[in-house]
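We did not get these values from a lab; they are worked out from the coordinates using the rules stated. All of these numbers come straight from a predicted model, not from anything done at the bench. Heads up, the Cβs are rebuilt from the backbone with ideal geometry, glycines too, and the neighbour counts pull from every protein chain shown.
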Amino acid sequence: MIVIPRVLGALLDEADELHQRELALDFAEHTLEIYAGRLAPPVRDTCAELLAAAREAVDLDRAHERLADAYHKFYAVRTTPTGGGVSDDASSVAHMALGCSAQRLMEAADLIVRMGSSPPSCKDVARSAQTAVGRRRAEDADDPAGESSRARSGRWEEARWQLTRVIETTPDPNTSRPSRHGRG
């Protein structure tokens, strides 16, 4: 039996830093899509903007004003009583993906104070997204006795989606380095 989370973890360990940063944002965006119908528009919109601004910063390899604005708006909405609070799963995954993908860029631009701890890893974001999706699926269970089964299934389906995403976005190693025979 293939244990998808284990295979996913091994592939994430092999991915380069840029690919991991991009995947963390992909995982958070997917979680946001799954939660979209349950989130208040301000939370959904600020999470989406935060992730888009973080992706732009990763592409540019530097933090910028859009990311700073999105970061401040995200915190302003996330901490309001109607904003879902700090325990909201989708916003927690978005925040973790921001840390994985852009924390060091934000520190370098003095947008945030340098944190002593390491940013969350892409694997951390993947696990957090799996947990969030599992909880979301459990909420849909008609029978409380079936909640744990639905949660387990939701986590597995999210890990499968993540594995597929890693495979879809992994560059062909044969085109990125010359062959041993020097023929391209």
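Take the Cβ atoms of SER117 and ASN174, set R0 to 41 Å, and the FRET efficiency comes out at 0.65. Taking chymotrypsin sites (Phe, Trp or Tyr not before Pro) across the stretch 53-161, none is in a DSSP loop with at most 14 further Cβ atoms lying within 10 angstrom of its Cβ.
Would you mind finding the longest exposed-site-free stretch of the chain, with exposed trypsin sites (Lys or Arg not before Pro) meaning DSSP loop and at most 15 other Cβ atoms within 10 Å? Formally, the longest exposed-site-free interval is 115-179. Where only DSSP H runs of four or more residues are counted, the chain gives -23500 deg cm²/dmol as its mean residue ellipticity at 222 nm, each run worth -39500 (n - 2.57). Shown for VAL7, VAL133, VAL58: other C-beta atoms within 10 Å of each C-beta, ranked fewest to most, produce the order VAL7, VAL58, VAL133. How high is the relative contact order of the chain, given as a whole-number percent (alpha carbon pairs under 8 Å, six or more residues apart)? Computed over the chain, the figure is 27 percent.
Label the chain by shape, choosing from rounded, prolate and oblate, from the square roots a ≥ b ≥ c of the eigenvalues of the Cα gyration tensor; if a/c is under 1.5 it is rounded, and otherwise prolate applies when a/b is larger than b/c, oblate when it is not. Judged from the Cα gyration tensor, the chain comes out oblate (a/c at least 1.5, b/c at or above a/b). On a per residue basis, the convex hull of the C-alpha atoms belonging to the stretch 14-113 measures out at 90 Å³.
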